[in-house]
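The values are calculated or read from the model by the stated rules, or taken from the named source; none is laboratory data. Here the structure is a predicted model, which means the values were calculated and not measured. All Cβ positions, glycine included, derive from the backbone under ideal geometry; neighbour counts span all protein chains shown.
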Amino acid sequence: MVKYQNLTESIIKGDNISSRDIAEKLIAAGAPALDILNNGLVPGMDVVGKKFRDKEIYLPEVLLSARAMKAAMEIIKPLLSESCEKRKGVVILGTVKGDIHEIGKNLVGMMLEGGGYTVIDLGVDVPPEKFIEEMKKHGAKLIGISALLTTTMPAMKTVIDMLKADCQNAGVKVIVGGAPLNQEFADSIGADGYSPDAPGAVELAGKLIP
Ligand code: B1M
């Protein structure tokens, strides 16, 4: 009988064959998709993040773990969307222009989906005007921006400034996150919220667009 812990271990090991297989077995055993995400996948990536910070593992291992997480997500994602009967608002999500880091952004997206939001993921290296364009297209009330490079953080302010320049966008909120950010930076660029992690982003969404 497979357990969430087995899935966590496959993520830490970076084994995409096992992670997919275990996710399939958990689904077959009746485990809810959201529990698989919260109790199996996220704890695995948390460990990987800590090990990387402590220099116990290096970049290739982080990338293997991300691949293992993606493989399991392919199995649970369709069920994750179905599991929330009443969808909440739409969130436009992306990594800021000039930045191609996506692992943290993807985690945030998955957790928001799991939390009942419809996520329009614009991917990486997203131009400021694209955030605004997609927000309007989908009638979204929340934009989430991720940045992992100190050099790309200022481009987050460009999105916020463009948003605020048009009074028709009043009521649209922006949340930001990414390893080099903090609350002080978020405040300085006029963001409506900052979270250091993916669960915190879901909490923020709940407060800003309940
Ligand atoms: Co790069 N990289 N990287 N990298 N990379 C960092 C960020 C770096 C700190 C490594 C280092 O030097 N120690 C450094 C930045 C230094 C700086 O800016 N001061 C760096 C650099 C320099 C670079 C390049 C410039 C290297 C080069 O080419 N010379 C280059 C830049 C390319 C570009 O973007 N234009 C580059 C490239 C890459 C790879 C492509 C190889 C790869 C990315 C692969 C991918 O994403 N598909 C990569 C990786 C993997 C990393 C590290 C090792 C790991 C990042 C990661 O995925 N962490 C990173 C080192 C580090 O962070 N310690 C590093 C795991 C992830 C789960 O955490 O993204 O922080 P994180 O997300 C967290 C929270 O931050 C938060 O929730 C997540 C989950 O809890 N969060 C949000 C994130 N977004 C959020 C949004 C929210 C709310 C919360 O609301 C919207």
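Among the candidates G109, G144, G193, the residue that is of a type in the set (G, A, S), near the ligand (Cβ under 7 Å from one of its atoms) and surrounded by 20 or more Cβ atoms within 10 Å (Cβ to Cβ) is uniquely G144. Residue pairs whose Cβ atoms lie under 8 Å apart, sitting 6 or more positions apart in sequence or on different chains, and linking a residue in the range 14-43 that is closer than 20 Å to P199 by Cα and modelled with pLDDT of 95 or more to a partner that is among the polar types (S, T, N, Q) and assigned to a helix (DSSP H, G or I), do not occur here. For the residues G206, G200, the requirement of being part of a helix (DSSP H, G or I), under 20 Å from the mean Cα position of the chain (by Cα) and within 7 Å of the ligand (Cβ to nearest atom) singles out G200. For the range 44-63, give me each residue that is surrounded by fewer than 18 Cβ atoms within 10 Å (Cβ to Cβ) and either within 17 Å of Q5 (Cβ to Cβ) or more than 9 Å from the ligand (Cβ to nearest atom) (or both). Once the filter is applied, which keeps residues that are surrounded by fewer than 18 Cβ atoms within 10 Å (Cβ to Cβ) and either within 17 Å of Q5 (Cβ to Cβ) or more than 9 Å from the ligand (Cβ to nearest atom) (or both), the range 44-63 yields D46, V47, K50, K51, D54, K55, E56, P60, E61.
Here is a yes/no grid of residues against (1) surrounded by fewer than 21 Cβ atoms within 10 Å (Cβ to Cβ); (2) within 26 Å of D46 (Cβ to Cβ); (3) assigned by TED's automatic domain parsing to the domain that holds S65:
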position	(1), (2), (3)
I100	yes, yes, no
K105	no, yes, no
P127	yes, no, no
I132	yes, no, no
G139	yes, no, no
T158	yes, no, no
D161	yes, no, no
I175	no, yes, no
L181	no, yes, no
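Annotation: A31 fulfils all but one of (1) assigned to a loop (DSSP other than H, G, I, E, B); (2) in the same structural domain as M135 (by TED's automatic domain parsing); the unmet one is (2). Summed over the range 154-190, the residues that are aliphatic (A, V, I, L, M) and near the ligand (Cβ under 8 Å from one of its atoms) give a count of 4. Inspection of the range 14-27 identifies at least one residue that is within 13 Å of the ligand (Cβ to nearest atom) and either surrounded by fewer than 17 Cβ atoms within 10 Å (Cβ to Cβ) or not basic (K, R) (or both).
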